[in-house]
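K.L.:
Here you go, one structure.
The values are calculated or read from the model by the stated rules, or taken from the named source; none is laboratory data. Note that the structure is predicted; figures quoted are calculated from it, not measured. Note that each Cβ is placed from the backbone with ideal geometry, even for glycine, and that neighbours are counted across all protein chains shown. Areas reflect the complete protein model, heavy atoms only, side chains present, ligands, DNA and RNA absent. Shrake-Rupley method; radii C 1.70, N 1.55, O 1.52, S 1.80 Å.
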Amino acid sequence: MGKKSSYSSSSISAWRYLQPRYYIKRPKRLAMVLIVCVSLTWLLYDRKSLSTGQQDDILKLKEEVTRLQNSIEDIKGHMKDSAESIQNEDEVNKFAKDIYVDEDPISKQRRDKIKDAMLHAWTSYETYAWGKDELKPQSMNGVDSFGGLGATIVDSLDTLFVMGLDDQFNRAREWVAESLSFDKNIEVSVFETTIRVMGGLLSAYDLSGDKVFLEKAREIADKLLPAWNTPSGIPYNRLNLELGNTNNPAWARGNSILADSGSEQLEFIALSQRTKDPKYQEKAEKVIKGLHKSFPDDGLLPIYLNPLTGTQTGGSVTFGAMGDSFYEYLLKAWIQGNKTEAVAFYREMWEKSMIGLQSLIKKSTPSSFTYISEKLGNAVFDKMDELACFVPGMLALGSSTSGPGEAEKYLSLAEELVWTCYNFYQSTPTKLAGENYYFRDGEDMSVGTTWNIQRPETIESLFYLWRFTGNKTYQEWGWNIFQAFENNSRIETGYVGLKDVTTGKKDNMMQSYFLSETLKYLYLLFSPSSVISLDEWVFNTEAHPLRIVTRIANEESGHPKEVFPRHLHGRKEGRFEYK
């Protein structure tokens, strides 16, 4: 994506095949990938206009092809009877490391620093809070914020996998297999359990192929299903795992929350696809299909929904807290289904909501920062949550599948909004963002709620904009934010948030999403674009990547039929065909 290398960017496409798990299981594919990747590189040269230096490069690449071929032959000897016959794992890891080509040494250095941060966070959790939902670093103990489901372990699985932290991943996998139980008399948030626990398990399954994760995902989904047993199909947002009793928070006056009820589709659809059992998809998708029938022209919904009648019962209209991920999932469920006619209604609804988004866009004075306002009835409030900073990334993702006019409009707005979000960080003494900001005439932005709880949304948007534009500015901004976390949040026993971004006063919590989202998006911001390619994966709202699976409407059965794509071509680099 705009980066220079002595190797073809096609070489990077082999990344996930060169990790030890893929390497052991797919020796024939590995041989093909390695030879094709390196061979294609020197074939791309224009031989008629080669300089002496370029000729030397070609000779070196030819030597590398020979070395790779010899290495493959050596390793094939170990694989003669079975992929399991490899005895020396160190040899495999060394081989994969030797082959990995990183075209940008600065990105490599920064990625290693972020990996070190993940190791520090994870090791601190292992030491002081193993099996608990989250770590309280300052008091060095764990707390069960989500009912005692080991949220940090499950949330971290895919981050550990992607970063190649195999020992840590294997210990986490062992805990999931032996200790993760959902037979508990506890009340949980259906939404948080879905995006963190179920999403984390499904992502770990998609990445590793280990069925223990799929089995556990199905277990928790079966426990959650009674939440959807309402006259309207809109789920209650809280549920007792053992008894199946459901309710909504008292402060919501019996209503369900838009973001909670409208942000569970990716996970339940994915589970139906993997298990071939349509009931999970049907429950979650019924919510969106019901809303689709009376979806407003501006695509904006208030945050409260009545689970008995299905009606919209008021509350603010916002892309921040309690509204945010509903709009995100409209786009992502369409992408998850590979953009076919069977999921076209999701895209239609998302495009309407982008019309509504435009009506909320305002600019500050005197510096013209673009921000997203909120509405309550006819009243407009000049306030923007840091949570709403996912929007630039969503717009960039949407622009990649839009026509020329719309694509430019979405991307331009994304770039304006992410500049505002970055300045949420830069405007404070700690260079970490507060929870929300107010825009008053002549003041540009002023922090409202002053805590920082390690949120990932701005970094998430920087990741998407980097992937779609190749503009290194977004990497620099992400690196500045990472350094602010290192300077203010890192302590000897983990990472903490801040009670006040203006004074730097620390809190006592390491959020599970700091490992699942914040550090993962930072790591991917400095990784080749083929690492969790956006042509093959879609992220849930907790940054858990799920495989894209084509959905085709089956008129005879009434249920969608899924097939994996045969051809996956990147925007600026090739993809290998697979079946």
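K.L.:
Out of all the residues in segment 395-409, which are open to solvent by 10 Å² or more (accessible area, probe 1.4 Å) and not basic (Lys, Arg)?
P.N.:
First, pick out the residues of segment 395-409 that are open to solvent by 10 Å² or more (accessible area, probe 1.4 Å): 397, 399-409.
Passing the criteria: 397, 399, 400, 401, 402, 403, 404, 405, 406, 407, 408.
K.L.:
Name the pairs: first residue in segment 431-445 and open to solvent by 50 Å² or more (accessible area, probe 1.4 Å), second residue not basic (Lys, Arg), Cβ to Cβ under 6 Å, at least 6 apart or on different chains?
P.N.:
Hits for this filter: 431/425; 431/484; 438/446; 438/448; 441/365; 442/365.
K.L.:
Please verify whether segment 377-388 includes one or more residues that are part of a loop (DSSP other than H, G, I, E, B) and open to solvent by less than 30 Å² (accessible area, probe 1.4 Å). Spell out how you get there, then give the answer.
P.N.:
Within segment 377-388, the first condition is being part of a loop (DSSP other than H, G, I, E, B), and the residues that meet it are 377-378, 382.
Next, only the ones that are open to solvent by less than 30 Å² (accessible area, probe 1.4 Å) stay: none.
Within segment 377-388, none of the residues are part of a loop (DSSP other than H, G, I, E, B) and open to solvent by less than 30 Å² (accessible area, probe 1.4 Å).
K.L.:
When you check residue 303 against the structure, is it out of contact with any Phe, Trp or Tyr (no Cβ under 8 Å at 6 or more places or on another chain) and open to solvent by 40 Å² or more (accessible area, probe 1.4 Å), yes or no? Show your work before the answer.
P.N.:
Numbers: out of contact with any Phe, Trp or Tyr (no Cβ under 8 Å at 6 or more places or on another chain): yes; open to solvent by 40 Å² or more (accessible area, probe 1.4 Å): no.
So residue 303 fails the test.
K.L.:
Now for a different question. Can you report the number of residues in segment 489-542 which are of a type in the set (Ser, Thr, Tyr), assigned to a strand (DSSP E or B) and in contact with an Asp or Glu (Cβ under 8 Å, 6 or more places away or on another chain)? Steps first, please.
P.N.:
As a first pass, look at segment 489-542 and keep what is of a type in the set (Ser, Thr, Tyr): 489, 493, 495, 502-503, 512-513, 516, 518, 521, 523, 527, 529-530, 533, 541.
Retained after the next criterion (residues that are assigned to a strand (DSSP E or B)): 495.
Still in the list and also in contact with an Asp or Glu (Cβ under 8 Å, 6 or more places away or on another chain): none.
Looking only at that region, the number is 0.
K.L.:
State all residues of segment 248-303 that are modelled with pLDDT under 95, small (Gly, Ala, Ser) and outside any helix (DSSP H, G or I); if no residue qualifies, say none.
P.N.:
254, 294
K.L.:
Let me ask another. Is one or more of the residues making up segment 323-344 within 24 Å of the chain's Cα centre (by Cα), surrounded by 22 or more Cβ atoms within 10 Å (Cβ to Cβ) and over 18 Å from residue 265 (Cα atoms)?
P.N.:
The answer is no; no qualifying residue exists.
K.L.:
Any residue at all in segment 219-238 that is at positive phi and open to solvent by 30 Å² or more (accessible area, probe 1.4 Å)?
P.N.:
Taking segment 219-238 and keeping what is at positive phi, we get 233.
If we keep only those that are open to solvent by 30 Å² or more (accessible area, probe 1.4 Å) as well, we get none.
No.
K.L.:
Mind listing whichever residues of segment 231-247 are within 15 Å of residue 191 (Cβ to Cβ) and assigned to a loop (DSSP other than H, G, I, E, B)? If you could, list the steps in order and put the result at the bottom.
P.N.:
Going through segment 231-247, the residues within 15 Å of residue 191 (Cβ to Cβ) turn out to be 234-239, 241, 246-247.
Scanning segment 231-247 gives 234, 235, 236, 237, 241.
K.L.:
Also, quick follow-up: Give the number of residues within segment 471-508 that are open to solvent by less than 40 Å² (accessible area, probe 1.4 Å) and either among the polar types (S, T, N, Q) or in contact with a Lys or Arg (Cβ under 7 Å, 6 or more places away or on another chain) (or both).
P.N.:
Total satisfying the criteria: 9.
K.L.:
How many residues does segment 509-524 contain that are aliphatic (A, V, I, L, M) and open to solvent by 10 Å² or more (accessible area, probe 1.4 Å)? Give the steps one after another, and end with the answer.
P.N.:
From segment 509-524, those aliphatic (A, V, I, L, M) are 509-510, 515, 519, 522, 524; that's our starting set.
Narrowing further to those that are open to solvent by 10 Å² or more (accessible area, probe 1.4 Å): 509.
Of the residues in that region, 1 qualify.
K.L.:
Mind listing just one residue for me: the one in segment 270-300 that is open to solvent by 40 Å² or more (accessible area, probe 1.4 Å) and acidic (Asp, Glu) and, of those, nearest to residue 544 (Cα to Cα)?
P.N.:
282
K.L.:
A further question on this structure: For segment 125-145: of the residues being assigned to a loop (DSSP other than H, G, I, E, B) and more than 16 Å from residue 454 (Cβ to Cβ), which is least open to solvent (accessible area, probe 1.4 Å)? Give the derivation first.
P.N.:
Filtering segment 125-145 for residues assigned to a loop (DSSP other than H, G, I, E, B) gives 130-133, 137-140, 144-145.
Imposing the further condition that a residue be more than 16 Å from residue 454 (Cβ to Cβ) reduces the set to 130-132, 139-140, 144.
Working: 130: 95, 131: 19, 132: 83, 139: 58, 140: 94, 144: 68 Å².
Ranking the candidates gives 131 first.
K.L.:
Among the residues that make up segment 545-563, is at least one of them assigned to a loop (DSSP other than H, G, I, E, B) and modelled with pLDDT of 95 or more?
P.N.:
So far as segment 545-563 goes, yes, one or more of its residues are assigned to a loop (DSSP other than H, G, I, E, B) and modelled with pLDDT of 95 or more.
K.L.:
Still on this model: Determine if segment 171-188 includes at least one residue that is touching a residue at least 40 places away in the same chain (Cβ under 8 Å), open to solvent by less than 20 Å² (accessible area, probe 1.4 Å) and within 21 Å of residue 284 (Cα to Cα).
P.N.:
For segment 171-188, residues touching a residue at least 40 places away in the same chain (Cβ under 8 Å), open to solvent by less than 20 Å² (accessible area, probe 1.4 Å) and within 21 Å of residue 284 (Cα to Cα): present.
K.L.:
Right, here's the next one. Look through segment 252-266, keep the residues that are under 17 Å from residue 236 (Cβ atoms) and of a type outside the set (Gly, Ala, Ser), and return whichever of them is surrounded by the most Cβ atoms within 10 Å (Cβ to Cβ).
P.N.:
Looking only at segment 252-266, we keep the residues that are under 17 Å from residue 236 (Cβ atoms), and these are 252-265.
This time we only want the ones that are of a type outside the set (Gly, Ala, Ser), so: 253, 255, 257-258, 260, 264-265.
Values: 253: 12, 255: 24, 257: 22, 258: 25, 260: 28, 264: 31, 265: 25.
Ranking the qualifying residues of segment 252-266, first place goes to 264.
K.L.:
Oh, and also: Would you check if residue 116 is touching a His at 6+ places or on another chain (Cβ under 7 Å) and closer than 19 Å to residue 511 by Cα?
P.N.:
Numbers: touching a His at 6+ places or on another chain (Cβ under 7 Å): no; closer than 19 Å to residue 511 by Cα: yes.
Judged against the criteria, residue 116 is not a match.
K.L.:
All but one of (1) touching a strand residue (DSSP E or B) at 6+ places or on another chain (Cβ under 6 Å); (2) over 18 Å from residue 292 (Cβ atoms); (3) not polar (S, T, N, Q) hold for residue 307; which doesn't?
P.N.:
(2)
K.L.:
Hey, another quick one. Filter segment 189-213 down to the residues that are of a type in the set (Gly, Ala, Ser) and in a helix (DSSP H, G or I), then identify the one that is surrounded by the fewest Cβ atoms within 10 Å (Cβ to Cβ). Can you show your working first?
P.N.:
Looking only at segment 189-213, we keep the residues that are of a type in the set (Gly, Ala, Ser), and these are 189, 199-200, 203-204, 208-209.
Retained after the next criterion (residues that are in a helix (DSSP H, G or I)): 199-200, 203-204, 208.
Values: 199: 28, 200: 32, 203: 32, 204: 27, 208: 17.
Checking each candidate, the answer is 208.
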